[in-house]
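All remarks here apply to the structure that follows.
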Amino acid sequence: MQRNKSFAITRHVSTIFVLCMTAGIAAAQTPDPAQLSQQLDQFLSAKHTSAQPLAGLGDQFVSFGQQYGVDPRLVVAISGAESSFGAHVCTQSNAWNWFWQGPCPNSPFESWQSGAKTVSHYMHKSYLLKGYTTIPLIGARYCASGCEHWVPNVTQFFSDLGGNVSALSWPTTSTPTPAKRIPAPAQILAMLISHSAASQHWWQKTPASMTVQVQATVTGAMPRAGTVKLVQVATDGQHELATLHAEGSDDYGATMFSGQASLPHPTSGETRMQVIAAFTAAKVSVSSNPISLTVLPPSGSMLPWFIGLGGLVVLLSSLLVIFVAYKKRSDSVHPMARAA
């Protein structure tokens, strides 16, 4: 009995020791929020760049990390690899090159805080929760090509801040009950991907036809059934050009559509088009932003050369006629001189 009692005491002591060690490791991996906030600000302020726009936002990074379960040091490290911590950006307040609305120039944020919040949110939702739990795995999806320095740079910045590369998540402060949200109305963002003119002749004032390729992103609450069409907007109304086909959804739930159409005998000047989603069952019709295409007259026309050549032929013919007439007149005036 005494031996069993001693064994039980030893087991409890071991259990308490393991729990204390685990708590110590967790505390080491999850520093005090106030200290980490100060550490992030000092780290960002010390960077020798033309500007330090993210300095002073340490508490925001930590707050969003706690809210969404992402180590804020990872979000800061990605900004360093993508834009030197916001010093070199391709659009407003997007230090992460987060293409949330097509190419980077079309993806600005209202503020640096808004960008940090969005990246923290979707880094948890679209990466960590889907199995991208290491920096190399995240880099393979976040920066797929031409990014051989992305993983080493993010790893270096993350480690310099004291992050553990084996633990990119962050304990959330609480799990708030999601508020009931009213779905945003449907919106369509359309863009002209490419256009090309068909073969044409020098005497034509406009191309024989134009082929256009269009892409549309449909966001917000919208019924699934229906059609998405490209139409041409004219003074006499709208003329259907083509039906766009769905190409799947992105990480934000937006549906992508694409297709191409032919514009027969387009007139010179501006041609306006729109993408319209019509849902007859729900009696919903949504139009996109206008798409403009400027049709130019054919370049390199041979018409001026033909006109110039024709004018030269007429001039030479006139001179020849004058010369022949003058010669005949001269011969008729002096016949005796010709006989001699």
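Annotations
- Order by protection proxy (mean Cβ within 10 Å, highest first), peptides 87-100, 124-137: 87-100, 124-137
- Net charge, L168 excluded, C-beta distance under 11 Å - Lys, Arg +1, Asp, Glu -1: 0
- Here the Karplus relation 6.51 cos²θ - 1.76 cosθ + 1.60, evaluated at θ = phi - 60°, turns the backbone of the range 120-135 into coupling constants of 4, 4, 7, 5, 6, 6, 9, 10, 4, 5, 9, x, 8, 10, 10, 5 Hz, with x for every Gly and Pro.
- Judged by the gyration tensor of its Cα atoms, with axes a ≥ b ≥ c, the range 31-160 is rounded; a/c sits under the 1.5 cut.
- Put simply, when 59-68, 108-117, 158-167 are sorted by average Cβ atoms within 10 angstrom per residue, most first, you get 59-68, 108-117, 158-167.
- For the range 31-160: relative contact order, % (alpha-carbon pairs under 8 angstrom, 6 or more apart): 22 percent
- For peptides 79-85, 38-44, 259-265, sequence by mean Cβ density within 10 Å, most packed first: 79-85, 38-44, 259-265
The numbers here are math on the coordinates, done by the rules we state, and not lab data. This one's a predicted model, so the numbers in the text were calculated from it and none came from an experiment. A quick note on method: Cβ atoms are made from the backbone with ideal geometry, for glycine too, and the neighbour counts reach across all protein chains shown.
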